[in-house]
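All remarks here apply to the structure that follows.
The values are calculated or read from the model by the stated rules, or taken from the named source; none is laboratory data. From a predicted model like this one, the values you see are computed outputs, not experimental measurements. Counting neighbours? That spans all protein chains shown, and the Cβs are built from the backbone with ideal geometry, glycine included. Note: areas computed on protein heavy atoms with side chains; ligands, DNA, RNA excluded. Shrake-Rupley method; radii C 1.70, N 1.55, O 1.52, S 1.80 Å.
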Amino acid sequence: MMKTFSIKQSEIEKIWILADAEGKILGRFAAKIAQLLKGKHKPTYTPHMDMGDCIVIINAEKIKLTGSKEKNKTYFSHSGYPGATSFVDVEQVRRTHPERILESAIKGMLPKNRLGRKMMTHLRIYAGSDHPHAAQNPTVLDK
């Protein structure tokens with residue numbers, strides 16, 4: 001009789017991965033990163049555990065958007081007060097906080113619960129090519 005395998009928290013091994021976003025397409029790149037954050041690439045994947053690796057993304061300002069998204073895509077925010085909606089286009093976000101483009105795309109692909117919020121803490125995004133995580137010896141993501 002076969003038994004269902006379930007990994008324990010002490011058996012989970014996390015590695016650091018360095019991903020370069022230069023020239024990559026936003027949605028495809030975000031889907032790959034979300035898969036790594038969830039841990040679905042590991043053979044011991046367990047849906048209710050934080051299995052994913054720690055990801056460092058560099059060159060976030062050089063991510064590409066296809067079609068007319070560079071002109072038409074907007075980000076919505078609301079302060080909680082009546083009539084306090086604001087829409088910000090991608091061009092302005094790219095100028096002020098370019099890492100938020102990737103952050104919102106990846107966050108939308110993770111679970112919408114406390115596990116998804118914990119997975120987001122393992123993600124570090126930097127606009128330029130410099131990052132302070134050289135001591136962790138991150139492995140370079142090949143794709």
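Some notes on this structure:
- Relative contact order (percent, whole number), the range 2-74, Cα cutoff 8 Å, 6+ residue spacing: 43 percent
- On full extension, the segment bounded by Ala134 and Lys73 gains 18.5 nm, given 0.36 nm per residue less the C-alpha separation.
- With all protein chains modelled, accessible area of His78 [1.4 Å, Å²]: 90 Å²
- For the chain, the Stokes-Einstein estimate of translational diffusion at 10 °C and a viscosity of 1.306 mPa s comes to 95 µm²/s, using the Kirkwood hydrodynamic radius over alpha-carbon pairs.
- Ile15-Arg95 FRET efficiency (beta carbon distance; Förster radius 41 Å; 0.05 resolution): 0.75
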